[in-house]
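Peer 1: Structure provided below as structure tokens; questions to follow.
The values are calculated or read from the model by the stated rules, or taken from the named source; none is laboratory data. Remember, it's a predicted structure, so these values are computed and weren't measured experimentally. Cβ: placed from backbone, ideal geometry, glycine included. Neighbour counts: every protein chain shown. We work out accessible area using only protein heavy atoms, side chains counted, and drop any ligands, DNA or RNA first. Shrake-Rupley method; radii C 1.70, N 1.55, O 1.52, S 1.80 Å.
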Amino acid sequence: GIVAGSHGPEGLAGIAPQASLLAQQIYSRRADGTGIAAWDSDLIQALERIYALGNQQRIAAVNLSLAGDELYDSRAACDAGHPALAEAIALLRSAGIAVVAAAGNDGSASSLPAPACLTGVISVGASCTQADAGFCTEGTDSVAAFSNAPPWLDLLAPGTEITSSIPGRGFAAFSGTSMA
């Protein structure tokens, strides 16, 4: 909805309503029944699939709206912690495919989780769109309180109270770096 949605209430549309999307499933249910998770191996396989498809069709970017639990204070440390994932990102970048990742919602001013922390990934934090969103102590155009935003964050985008489609033909507003 945020990217390619169209025909929403009051003309609501995504930022690129004419875009085509190619989804890749990387989450699976945990064996212990405690929810879902994504592993680096599944993400790497999906990125390799996108790379292969890039030989058949034009793919502009990969959006990664997921974040690991561990925070890294530099791209070098992150790359060292996830070498195979860093290699898959480099492969996509060599093919001219941008890799964009949510910065995470830990409120850190000094670090990012993988994959946002990896070299070559465009990390996106959340900025405030409304002064009263509950996350915005400095008003609009400030970093949302929940957003990770170290000095080496690549960019900020609106990430509070973003209205988009939800399953069941409805719409709702959410906040987070995945919305940014």
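Peer 1: Just to confirm a number: summing +1 for Lys and Arg and -1 for Asp and Glu over residues other than LEU47 whose beta-carbon lies under 11 angstrom from that of LEU47, what do you get?
Peer 2: Computed value for this residue: -2.
Peer 1: Same structure, new question: What Cys residues in the chain are without a partner cysteine, judged by a Cβ distance under 4.7 Å?
Peer 2: None - each cysteine has a disulfide-compatible partner (Cβ-Cβ under 4.7 Å) in the chain.
Peer 1: For the stretch 1-87, with every protein chain kept in place, what is the accessible area per residue (1.4 Å probe, Å²)?
Peer 2: 69
Peer 1: Hey, can you grab everything whose amide H is under 5 Å from the amide H of ILE122? Only 5+ residues off in sequence or another chain; H modelled, so Pro and N-termini drop out.
Peer 2: Residues meeting the criterion, in which the H sits 1.01 Å from N, are VAL99, VAL100, ALA101.
Peer 1: Give me the orientation-averaged projected area of the Cα convex hull of the chain, in nm², one decimal.
Peer 2: 11.4
Peer 1: OK, next. Express the carbon and sulfur contribution to the solvent-accessible surface of the stretch 72-160 as a percent, rounded to the nearest whole number, probe 1.4 angstrom.
Peer 2: Carbon with sulfur: 55 percent of the solvent-accessible area.
Peer 1: Counting only protein heavy atoms and using a 1.4 Å probe, what share of the accessible area of the stretch 8-58 belongs to carbon plus sulfur, as a whole percent?
Peer 2: Exposed carbon and sulfur together represent 47 percent of the surface.
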